[in-house]
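The values are calculated or read from the model by the stated rules, or taken from the named source; none is laboratory data. Quick caveat, the model's predicted, so the values are computed rather than measured. All Cβ positions, even for glycine, are placed from backbone atoms using ideal geometry, and neighbour counts span all protein chains on display.
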Amino acid sequence: MRLAEYEAKEILKTYGIPVPAGAVIRSPGELGPRLGEFGDEIVLKAQVPVGGRGKAGGIIVTGKGEAVSRAAALFGKEIRGFPVREILAEERLAIGKEYYLSIAVDRSSRQPLVLFAEAGGVEIEAVARERPEAVRRIIVSPLLAEIPPFALRDLLGDLAKDLAPVANRLYRIFREKDAILAEINPLVTTPKGICAADAKIIVDESALARQKLGKGRAKTDREQQAEAHGFSYVDLDGDIGVIGNGAGLTMATIDLIALYGGKAANFLDVGGGADRERVKHAVQLVAGLPSVKVIVLNILGGITRCDEVAKGILEAGIAQKVMVRLAGVNEDEGRALLAGKGYTMFETMDEAVLAAAGAIR
């Protein structure tokens, strides 16, 4: 479960990581009485559960005189398909340098992976892709209560003295809050010191009761629809929709999209034995994401019949192209159904992903 930015920052503050002065508002009228808490400029940040808010108009820098009217306009928007119901109003920071710091679960070692880069902000994915050497990484045993000093020196280099306390506090949050991701991007320097300008925390769904977080809380409407159909589903922030059967196959598809320079819009595992109705709902759900330009459907039919998958795709009746890789039970029948309606079939997931990446360029 992804926490809202203000919720993540409240946790960071509790653990001693500085965050900007701010207030959450749920209507424009709530901002006026609090303007005295800020300087001459205010940052208004839409609290929506997707990335890419800034590029979509969800982050606004404004002077005090226009803050209330700009907040009213922001409340009237949808950001990447999500209505703005909460806004985090923060002081505008005088930023010197920006860094990236995150802790996630490394799937291969099944241990916490700590990443650091001396280039934070919205283009961190491009930095990782174009200059992978700029992103430093260490693996930490989950049995350790903190990151060892020698590991922090390897990770942070000359910045270890200033940033090591923040890294260890974020690691404590990761462990104690049952997170699968704890990220500060960017972590910035200001005249007042280090500050977490933005933060993201995703809590393991299995630990919600232990963390005293309600089931289904903070899920998007689309995630709730997926839950009703029994899909494993997560909203991401790209433009290539992803449907697979099996978590491993679906994750491999997402990884391949990233390898070829694309960005996945979602994770949807349709599960085993999916019939046409189930596939139809899955395709319609993903196609309903405003950002989705093309969909990759990657199915290995064991107990799932490929002809049923094909019928579900056809019955979905969506506008976007679907790049289909079908293999397994009744594969020939499924391929024939789709080929008869003008769909291009692909022999491998590599071919399907490459075609999807090419379709949006």
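The single condition among (1) surrounded by 20 or more Cβ atoms within 10 Å (Cβ to Cβ); (2) aliphatic (A, V, I, L, M); (3) at pLDDT below 95 that residue 89 does not meet is (3).
Residue by residue, here is whether (1) without any contact (Cβ under 8 Å) to a residue 24 or more places away in the chain; (2) aliphatic (A, V, I, L, M); (3) out of contact with any Gly (no Cβ under 6 Å at 6 or more places or on another chain) holds:
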{"position": "137", "(1), (2), (3)": "no, no, yes"}
{"position": "142", "(1), (2), (3)": "no, no, yes"}
{"position": "146", "(1), (2), (3)": "no, no, yes"}
{"position": "152", "(1), (2), (3)": "yes, yes, yes"}
{"position": "155", "(1), (2), (3)": "no, yes, yes"}
{"position": "164", "(1), (2), (3)": "yes, yes, yes"}
{"position": "169", "(1), (2), (3)": "no, no, no"}
{"position": "172", "(1), (2), (3)": "no, no, yes"}
{"position": "175", "(1), (2), (3)": "no, no, yes"}
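Selection over region 4-17 of residues that are crowded, with 17+ Cβ neighbours inside 10 Å and either basic (Lys, Arg) or closer than 19 Å to residue 189 by Cα (or both) gives a count of 3. Within region 74-106, being under 24 Å from residue 168 (Cβ atoms) and in contact (Cβ under 8 Å) with a residue 60 or more places away in the chain holds for 93, 95, 96, 97, 98, 99, 100, 101, 102, 103, 104, 105. Within region 321-346, being surrounded by fewer than 16 Cβ atoms within 10 Å (Cβ to Cβ) and either of a type in the set (S, T, N, Q) or modelled with pLDDT of 95 or more (or both) holds for one residue alone: 344.
Condition check ((1) acidic (Asp, Glu); (2) touching an Asp or Glu at 6+ places or on another chain (Cβ under 7 Å); (3) not assigned by TED's automatic domain parsing to the domain that holds residue 51) across all residues:
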{"position": "135", "(1), (2), (3)": "no, no, yes"}
{"position": "141", "(1), (2), (3)": "no, no, yes"}
{"position": "144", "(1), (2), (3)": "no, no, yes"}
{"position": "158", "(1), (2), (3)": "yes, no, yes"}
{"position": "171", "(1), (2), (3)": "no, yes, yes"}
{"position": "182", "(1), (2), (3)": "no, no, yes"}
{"position": "185", "(1), (2), (3)": "no, yes, yes"}
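Any residue that is over 17 Å from residue 311 (Cα atoms), buried (at least 21 other Cβ atoms within 10 Å of the Cβ) and either touching a helix residue (DSSP H, G or I) at 6+ places or on another chain (Cβ under 8 Å) or not aromatic (Phe, Trp, Tyr) (or both) - is there at least one of those in region 269-277?
Filtering region 269-277 down to residues over 17 Å from residue 311 (Cα atoms) leaves 269.
From what's left, buried (at least 21 other Cβ atoms within 10 Å of the Cβ): 269.
From what is left, the residues that are either touching a helix residue (DSSP H, G or I) at 6+ places or on another chain (Cβ under 8 Å) or not aromatic (Phe, Trp, Tyr) (or both) are 269.
Checking region 269-277: at least one residue is over 17 Å from residue 311 (Cα atoms), buried (at least 21 other Cβ atoms within 10 Å of the Cβ) and either touching a helix residue (DSSP H, G or I) at 6+ places or on another chain (Cβ under 8 Å) or not aromatic (Phe, Trp, Tyr) (or both).
Can you find even one residue in region 285-300 that is without any contact (Cβ under 8 Å) to a residue 40 or more places away in the chain and not aliphatic (A, V, I, L, M)? It would help to see each step written out before you state the result.
Start the filter on region 285-300 by keeping residues that are without any contact (Cβ under 8 Å) to a residue 40 or more places away in the chain, which leaves none.
No.
For residue 44, state whether it is without any contact (Cβ under 8 Å) to a residue 60 or more places away in the chain, farther than 14 Å from residue 198 by Cα and touching a strand residue (DSSP E or B) at 6+ places or on another chain (Cβ under 9 Å). No. Cβ-Cβ contacts under 7 Å between residues 6 or more apart (or on different chains), taken from a first residue in region 1-26 that is touching a residue at least 40 places away in the same chain (Cβ under 8 Å) to a second residue that is of a type in the set (Asp, Glu) and surrounded by 20 or more Cβ atoms within 10 Å (Cβ to Cβ), are listed as 5/198; 20/90; 21/90; 22/90. Can you tell me which residue in region 172-214 is modelled with the highest pLDDT, limited to those that are more than 17 Å from residue 9 (Cβ to Cβ) and part of a helix (DSSP H, G or I)? That would be 175.
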